[in-house]
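Enquirer: Take a look at this one; I'll ask things after.
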Amino acid sequence: MPTCRRKRVVLTQPSESLLRALKSNPSRDVFYLQQTGEIFETYEAYAARMSFYRLKQFQCEVTGKSGLDYFQALSSERSEAETLHSRFSEPLKPAILKAVQFQVVGRLDHLVESVYERFKDRYYKGERVLIDLNGIKYYGVVHTVYPPKYSTDVAARDANKPDVDGVEQGTSRPIDNEEPHQIYDDLKTPVKEVNARDDPFLYYYWVLLTELERDKSDKSKGSKPSDGAEMIGSLMEVQCGRMSRDRLSFSKSILRRFIRDCVDRDAAVASPWTVKPAIAQKYGVISSMTEDTRNNVEAIKKGEHDKRKKVWEDKDGPPNKKHKKMTAAQEEKAKAAALKRDREAQEKLDQQRIAREEAERIAAEKKKKKPIRYPTEDLDVRLTDKDLKAGMKLKRPVPTSHALPFNHHSGLFESFLMAWNFMVVYGQPLHISPFTLDEFEHAIKHTDVDMPCSLLAEVHSTLIYNLRTVPFARHSAVLSLLQRKDHLQSDGMEDEEYFGVNTDQLSAAMSDIGNNWERVPLRHSEGREGWEEALIGCLKDHATRENFPRMREILTKLLFAPDPSEAPAPHDTSPSSSRAPSPLEPTPPPQRLSAISTPRERYMNLPVHDRIAILSFMVNLAISSKAIHQHMESCEEQLTSLRKEKIEVNRTKKQYLEEMNVLMGEAKEEPVDEDARIEDPSDMSDVPASDNGSDSGKSKKSTSKSKDLRQKAQLQAHSKQREAARAKQASAKQAMAEHRRLDEEVNKLERRLEAIEREFRKLLGGVRVKPMGKDRFYNRIWWFDGLGSASLVGSGGATQYGAGRVFIQGPSEFDLELMMRRTDDEVPVQIRRLEEEGQEGMLGPGDWAVYSDMDELEQFIAWLNPKGHREIALKQALSKWWIHISAGIRRRMQDLNVHAKLPEARRSARTKTAPDITREPYMMWTNRRAINPT
């Protein structure tokens, strides 16, 4: 059984309620853990147990391996147990287990030592042993065992010698029915005493030699392989001195593992070792104690308890003995001595207490003064006065929640954001061009029947085409509604009505709409005409009450209209209205829909939360389609190629930079001055002038000759210097040209690395969308631009955006619980959140907010503290993409300002005209990736 922190793992037993349910409700659903056979009543209990088993804190009891989960430890134990039992001598197993049963030995090592000493020279019939004959070792099988009474009777042993053929066929009869080695008494009995009663060296064995032992050492040091081969197949009579067991089948370590796998012991003091019941039954070991054994065990237990009791009594001091009656003076003296002892003891305790308090105070101060290594856990970082003076912000700028579209209903914005992100990320396999979040928002709010919205038609059509490849059940929605109706009728209840429409009316209205939705072409050139009816058919075959709870309500609104004769409701039911209903306003009565209509007419009257619910349902189904899965696999392959290319580009860039450094070093050498001054030859004369005319004439001739020679030599040297200077100058120019070329190559590689990063982000968005990071309070920061089919840079380097904002999502329930568990903080987390986030800025699980202004985002980045693990990673991620984030936000603000509607002057009601929405960006969007079906 695997152990956890040196304790065996106890399997969970079924609860009392489950045991009672077995009799009253045998078909009750439970959670079954197949690997252990445990049964749980709730999923939470099952998941908690499974999480416990997956922790890397278990240890294999057989091998001692640690750092495993429960199932790995269990598999290791089973594997080792199978190997152990296959190697361990089978005839020896029952003998050892009989000797171990009910033995009272404190440590397992002592038990193993006793068993090994008792059985190392004793062999049993059928054992595979090693026989040493004149230095040559053979493998053999013990066939017959002769007890000590035959040790002097050679004739009896020879008379009972088995036949070789009978040994090989297993038909030889045993010498007698007496079991050898009757040594199953207390293992604490000394080995010498046991051997004196039953000497193992007086046993004789008939052994059949089967094969030579393989010699793993050098052949030159051992016997030749043919030596002794003629003895194979013969019978030998040997004693234990020539016999031994293979170390792989019998040694102290293997014996220890075998005993630990087969026996168990209670935790009580002086508990006996007992063989596990299943193993005891297999090997014929007695499982119930005899009366004598029980009395011996009880006596040992009592002795152990008495010994421990005596130790405690000696520690507390011996019992007081009766003394003779003391006189008054002796009593006063004894009292004074006792008071002195008590006073000294109290003073000693006070000193110890003061010393302990002082030590604790010093330790606490050291702990406080211990320097913190940054970055650390974000919640452990507190701003100091120095940080505040340096300009760090204490309070985070409050993100805006009301600026998010459809955020007045819980979870509605998240579903809207998910649908938009899915369409943009997987635009390539869906064949749809990217569009901004603002365009998608206005398209969802579009209600004009006379002006169809191309974006709505394309989004629904591409999802319908994709869902044609997802397996579906024909008329699943109708069947689900009828099953609900039958269930209500069986319970004696009436059929449900939604907006005055019952199940039969809704089923009849759906029967003739969208039946061929998977074959009807929705052509882009025709404006996707008929997509509303195909949407009904798609919902009919894919939706059920389980996977789409609002299915009936939405289908009723799409197929039925209010009766024209009925008065309209006084309240505004326009789906474009995003104002949240006031709690003081009366709840309007539900509208009755009695007139059968068409989906094309009714879709534009569908509320926005119903439209988003339809898109969210279709997106959740489309994610399992084959086209999306193939696109994900393609993204993984391209990501691998990009990683390899990035490595190669970085390697080339590093090589170019090294070459540039070498060239710069050469250019720093001093250039040679090619205009070096040539000395005047007349200044080089060292011959003095003479007054004698003849001598003067001779000297003039020699001087002019030497001058010519020196001038000629100087001119030659100067010419060489000029040539060397020109060569060096040419080399320097060439080096500078090479440096400029390498610099251009490095710039190209850097631009390629930037492109790789953008491409990497796009492809990674097609596999998984992850937040930019988390702040100190575990709020998740999201930036959705540049993912999937969208791009951050358009043609000509123009900035492109999808959302053009940075979103912040509240902490998950797990993270929030993790924060609330912190108890060692000086300031509780809730109070700290109130101080640093503000009441209006605290987000709960599932809450969203947004930073859409550059000033707010810059203040948020200044608020992030790089001393924390999470916030330094978040700050680095935002800094990496800051150019594109800021450009996208500015571009979005420019687009909003351009398309902002100026307040019109007050006009007469007679001249009032409807606003022109054809110039709105969402109405001008076109799908450039559309494919017309044939």
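Enquirer: Quick one: go through region 389-423 and flag any residue whose amide nitrogen is under 18 Å from the point 7 Å out along the Cα-to-Cβ line of D855.
Expert: Counting backbone N atoms under 18 Å from the label point, the list is 393-401, 403.
Enquirer: Also, I was wondering about something else. Once all Cα-Cα distances of the chain are split into 10 Å bins that start at 0, what whole-number percent is in each one?
Expert: For the chain, the binned pair fractions read 2, 7, 10, 11, 11, 10, 10, 11, 10, 8, 5, 3, 2, 1, 0, 0 percent.
Enquirer: Moving to a separate point now. Between E636 and S731, with labels modelled 7 Å along Cα→Cβ, what's the label distance in nm to one decimal, could you check?
Expert: Going from the E636 label point to the S731 one covers 5.6 nm.
Enquirer: To continue, here is another question. Based on the mean of other beta carbon atoms within 10 Å per residue, what is the order of 862-874, 758-770, most packed first?
Expert: 862-874, 758-770
Enquirer: Let me ask something additional. Under the Kirkwood approximation applied to all pairs of distinct alpha-carbon atoms, what is the hydrodynamic radius of region 347-435 in Å?
Expert: 19.9 Å
Enquirer: Could you pull out every one of the aspartates and glutamates with an alpha carbon less than 18 Å from that of K65, ignoring same-chain neighbours closer than 8 positions?
Expert: Here the aspartates and glutamates satisfying the reach criterion relative to K65 are E77, E80, E82, D261.
Enquirer: Report relative contact order for the chain in percent, whole number only (criteria: Cα-Cα under 8 Å, sequence separation at least 6).
Expert: Rounded, it is 12 percent for the chain.
Enquirer: Given R₀ = 51 Å, what would the calculated FRET efficiency be for E553 paired with R651, taking r from the Cβ atoms and rounding to 0.05?
Expert: Plugging the Cβ-Cβ distance into 1/(1 + (r/R0)^6) gives 0.25.
Enquirer: E117 versus V898, label points 7 Å from Cα toward the beta carbon: distance in nm?
Expert: 9.7 nm
Enquirer: Continuing with the same structure: As an exercise, use a Förster radius of 22 Å and the Cβ-Cβ distance of K276 and L55 to find the FRET efficiency, rounded to the nearest 0.05.
Expert: Result of the calculation: an efficiency of 0.20.
Enquirer: Follow-up question, since we're still on this one. What is the gain in length, in nm to one decimal, between R751 and K188 on full extension, counting 0.36 nm per residue of separation less the C-alpha to C-alpha distance?
Expert: Extra length from R751 to K188 when fully extended: 194.4 nm.
Enquirer: With r as the distance between the Cβ atoms of T36 and V520 and R0 = 56 Å, compute the FRET efficiency 1/(1 + (r/R0)^6) and round to 0.05.
Expert: About 0.55, to the nearest 0.05.
Enquirer: If you don't mind, there's one more thing I want to ask. Please list, by residue number, every one of the trypsin sites (Lys or Arg not before Pro) in region 37-69 that is coil in DSSP and has at most 16 other beta-carbon atoms within 10 Å.
Expert: The qualifying sites are R54, K56, K65.
Enquirer: Please compute the Kirkwood hydrodynamic radius over region 3-78, one decimal place, Å, based on all pairs of different Cα atoms.
Expert: Kirkwood hydrodynamic radius for region 3-78: 13.6 Å.
Enquirer: Mind scanning K98/K301; K56/K98; K161/K282 and naming the pairs with a C-alpha gap bigger than 27 Å?
Expert: From K98/K301; K56/K98; K161/K282, over 27 Å: K56/K98; K161/K282.
Enquirer: If you don't mind, there's one more thing I want to ask. Apply the Karplus curve 6.51 cos²θ - 1.76 cosθ + 1.60, θ = phi - 60°, to the phi angles in region 92-100 and return the couplings in whole Hz, x for Gly and Pro.
Expert: Coupling constants for region 92-100: 7, 4, x, 5, 5, 5, 5, 6, 7 Hz.
Enquirer: Expected output is a single nm value to one decimal: the length gained when fully extending between E44 and Q830, i.e. 0.36 nm times separation in residues minus the C-alpha distance. What is it?
Expert: The span from E44 to Q830 would gain 280.2 nm if fully extended.
Enquirer: Right, something else. Can you pull a Stokes-Einstein diffusion coefficient for region 371-489 at 10 °C (1.306 mPa s), Rh from Kirkwood over Cα pairs, as a whole number of µm²/s?
Expert: Here the translational diffusion coefficient equals 80 µm²/s.
Enquirer: Treat the count of other C-beta atoms within 10 Å as a stand-in for reagent exposure and order H402, H409 from fewest to most.
Expert: Taking fewest neighbouring Cβ atoms as first place, the list is H402, H409.
Enquirer: Here's something else I'd like to know. Per 0.36 nm of contour for each residue apart, how much would the distance between V767 and R822 grow if the chain were fully extended, relative to their Cα-Cα spacing?
Expert: Fully extending the segment from V767 to R822 adds 16.3 nm.
Enquirer: Separate question: Please compute, for the alpha-carbon atoms of region 34-156, the extent along each of the three principal axes and give them in descending order in Å.
Expert: Projected onto the principal axes, the Cα atoms of region 34-156 cover 76, 35, 24 Å.
Enquirer: Quick check on the chain: helices-only [θ] at 222 nm, where DSSP H runs of length 4 and up contribute -39,500 (n - 2.57) each and the sum goes over total residues. Nearest 500, please.
Expert: So the calculated ellipticity at 222 nm is -15500 deg cm²/dmol.
Enquirer: Given K307/K348; K707/K728; K188/K302; K393/K445, which pairs have Cα atoms separated by over 28 Å?
Expert: Flagged as over cut-off: K307/K348; K707/K728; K393/K445.
Enquirer: Okay, next question. Provide, for q = 0.13 Å⁻¹, the log10 of I(q)/I(0) from a solvent-free Debye sum over equal Cα point scatterers in region 399-456.
Expert: Debye curve over Cα of region 399-456, log10 I(q)/I(0) at q = 0.13 Å⁻¹: -0.39.
Enquirer: 5 Å is the cut-off here: which amide hydrogens, built 1.01 Å from N in the peptide plane, fall below it relative to Y426, excluding neighbours closer than 5 in sequence?
Expert: Under 5 Å from the amide H of Y426: S789.
Where a number appears in this text, it was derived from the coordinates with a stated rule and is not lab data. In this text, all values refer to a predicted model and were calculated from it rather than measured experimentally. Here Cβ is always computed from backbone atoms with ideal geometry, including for glycine, and neighbour counts include all displayed protein chains.
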